[in-house]
Amino acid sequence: MNPLLQVRDLTTTFMSAGQTVRAVDGVSFDLLPGETLGLVGESGCGKSVTALSLLRLLDDNGRIGAASRIEYDGANLATLPEKALRRIRGAEIAMIFQEPTTSLNPVLTVGLQIVEALRAHRDVSRKAARVRTIELLDVVGIPDPAARINAYPHELSGGMQQRVMIAMALSCEPKILIADEPTTALDVTVQAQILDLLAALKRELGMAMILISHDLGVVAGLADRIAVMYGGQLVELAAAATVLSKPQHPYTILLLESAPRLEQPMTRLPVIPGAVPKATAWPSGCRFHPRCPVAWDRCEREMPNVASAAPGHDMRCWLIDEPERRSR
Amino acid sequence: MTARAPLVEVVGLTKEFRVGAGLLGRGQAFRAVDDVNLTFYRGETVGLVGESGSGKTTVARLLIRLLEPTSGTVRFDGQNIFDLNPAALRNQRRRMQLVFQDSSGSLNPRMRVGTAVREPIVVHRLHRGADADGRVAELFEEVGLDASLISSYPHELSGGQRQRVGIARALAVEPEFLVLDEPVSALDVSVQAQVLNLLADLRERRGLTYCFIAHDLSVVRHLADRVAVMYAGRLMETAPADALYGAARHPYTAALLSSIPSLTPSRPAGRATAAGDTPSALHRPRGCPFHPRCAHPKKDARCESDVPPLRELTQNHSAACHYAEASTSDAVSS
């Protein structure tokens, strides 16, 4: 199957206090048609900047590296003229964000906002757009959509606002939906509803999805493949079940072990020492080496490349060269 | 557990707030906390779990009297803290402390973290001068912070280090009771475990009693001896941790448990068992506050009209559901 989206060597830099900061550094992955790719990592790992880079939604201060390629439908989105990119953004590749409250315009009804999104990309009459909007609100599980179309964002709960955002993202039937922490601001019981909705949409609409979260549990139930990011780089990428049950990278292994689980209560949790690194001061060599229980001198000196640990299973770790070092 | 002495006893605790009060009227009252009864035994950790609007943070503030209740009492070692005069309350505060969720918001950004930890020691006249400095160094070591960080400013520390400073500051007055308001929610997953382990160590070493507040049940699983679940200002269920996680009796607890995304691929998504949203405080349903979202097979008209009281089902296990005896069927079985 040909990939729908091919990201190669994506590097995104920001200027901070006169210094160039590499927030995303050499990220490569494919997104297959209909596939859900989970992009997981802790704060500052570069997962959100990766997502924003794909659609060039970065602040003025953000730059995508000259060698970066984001291949979609025969075009490189990294260098495509803004006008051409605008035809893809929102229509073919749509995005939803963590905070629906800040993404919605507070003075327009939610219906009007979806109608506008539709008419920005499609040549449809107001009336047809309105009918389609009611349909979309129904698809995302908003009760009584014909009435809710006239509601203002503040009249809706956080969960309902996120459903409106999803309806807006779906309005042009995108090929790819990028969801950046779509449930992080929601209550646990409402998060479960939104995850169920995304799962149903994935099944019924067959669109590809990039689901970004700091919580492995959130992507576990939805993703076909999971990419783990650390220090601005992809460190492990494999089928979801493999990442969750047979991870190879020491960071992924520890991240899974240190997550609180309902099934296995214990008083002391395994920990990863230290804190997540900052983009202003990435460690030398492998960026995880200061916190890695396996690291040896080479890890401090040389940055490992992404290599194949097994078919369909990539990782960025010197253990691929020297597996006998794994003592665990 | 039953033979142990209670340290903090909460009886009938109720807090009303008024919104929209002003020139045009007295506004509308709502009960953020409604008739909460809860006992903290010495050395015990009670997990207080609820989603937004459940009233858990208001309870936290009432427990150490940062707020005055509308009615009800909090007895600390037999003494109702709301009866204390200002001087007595100040003394009492030495024994009970609050640790906030967001340590960057609760530490003064222009004060060195060592000074922030030293301040309560001096204010409460526990130590002075070099003795106080020595005490700060000991506290830093106890919470796993390098002594070199004493002269840092909050922004120079990571989130995990700042939370350790917040804990050191709370411990500085040698309290017996710590109210931990979402102490790890703002931290990265890899750092959460460090702070949870630290809290477990401190509890063991100092015999502390904790009220551990969280918005989901997985975080408190590792520390709590008992768990109390709140919804719309009321307690829905209280039980020893194993009983609650193994056999939840309230449909809301069951929904909370099944809503937690699982890391086990064999337990995939498809588990939203509470429809709709958490109710806003101004528009709480009549009867059982959970009834519009409830999936209990026995739900009926009584749930819409009568507020179910929290009642004991088995020893130490209580639930506020008319049909708590019937199976909730969704309780996590593993």
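Adding -39500 (n - 2.57) for every DSSP H run of four residues or longer, then dividing by how many residues chain B holds, sets the calculated 222 nm ellipticity at -8500 deg cm²/dmol. For the Cα trace of segment B:14-73, dividing Rg by the Kirkwood Rh returns an Rg/Rh value of 1.06.
Full extension of the segment from A:GLU302 to A:GLU82, taken as 0.36 nm per residue of separation minus the current Cα-Cα distance, would add 75.4 nm. Taking each DSSP H run with n ≥ 4 as -39500 (n - 2.57) and averaging over every residue of chain A yields -9000 deg cm²/dmol at 222 nm. Dipole magnitude for chain A: about 380 debye, using +1 per Lys or Arg Cβ and -1 per Asp or Glu Cβ, origin at the Cα centre.
One compactness figure for chain B is 1.04, namely its Cα radius of gyration divided by 2.2 N^0.38 Å. Compared with the alpha-carbon gap, the fully stretched path from A:ALA75 to A:ASP59 is longer by 3.5 nm at 0.36 nm per residue. Computed on segment B:159-216, with alpha-carbon pairs under 8 angstrom and 6+ residues apart, the relative contact order is 47 percent. What separates the Cα centres of segment A:273-297 and segment B:301-325 is a distance of 52 Å. About its Cα centre, the dipole of segment A:184-328 is roughly 240 debye, where the only charges are +1 on Lys and Arg Cβ and -1 on Asp and Glu Cβ.
With charges only on Cβ, +1 for K and R and -1 for D and E, what is the dipole size of chain B about its Cα centre, in debye, rounded to 20?
So the dipole magnitude of chain B works out to roughly 620 debye.
Derived value for segment A:1-82: Kirkwood hydrodynamic radius 13.3 Å. Basis is the mean of 1/r over every pair of different alpha-carbon atoms.
By the gyration tensor of its Cα atoms, with a ≥ b ≥ c the square roots of the eigenvalues, what is the shape of the protein assembly as shown: rounded for a/c under 1.5, prolate for a/b over b/c, or oblate?
Oblate, since a/c reaches 1.5 and b/c is not below a/b.
At what distance in angstrom do the alpha carbon centres of segment A:16-46 and segment B:158-205 lie from each other? Here the two parts' Cα centres lie 31 Å apart.
As a proxy for reagent exposure, A:CYS172, B:CYS321 were ordered by neighbouring Cβ count within 10 angstrom, fewest first; the result is A:CYS172, B:CYS321.
Estimated from the Cβ-Cβ distance and a Förster radius of 25 angstrom, the FRET efficiency linking B:VAL19 and B:ASP77 is about 0.10. Listed from fewest to most Cβ neighbours within 10 Å, the set A:ARG298, B:ARG128, A:ARG261 follows the order B:ARG128, A:ARG298, A:ARG261.
For each pair in A:LYS83/A:LYS127; A:LYS47/A:LYS246; B:LYS56/B:LYS298, compute the distance between the two Cα atoms and list the pairs where it is over 25 Å. Could you put the intermediate results ahead of the total?
On the way: A:LYS83/A:LYS127 27 Å; A:LYS47/A:LYS246 22 Å; B:LYS56/B:LYS298 28 Å.
Correct reply: A:LYS83/A:LYS127; B:LYS56/B:LYS298.
Modelled spin labels at B:GLU68 and A:GLU173, positioned 7 Å past Cα toward Cβ, are 6.4 nm from each other. List residues of segment A:37-53, by number, whose backbone nitrogen lies under 20 Å from a label position 7 Å along Cα→C-beta of A:THR20. The answer is A:46, A:49-50, A:53. Centre-to-centre separation between the Cα atoms of segment B:74-145 and those of segment A:79-148: 51 Å.
Readers should treat all values here as calculations from the given coordinates under stated rules, not as data from a laboratory. Owing to the predicted nature of the structure, the values given are computational and were not obtained by experimental measurement. Cβ atoms come from the backbone with ideal geometry, glycine included; neighbour counts cover every protein chain shown.
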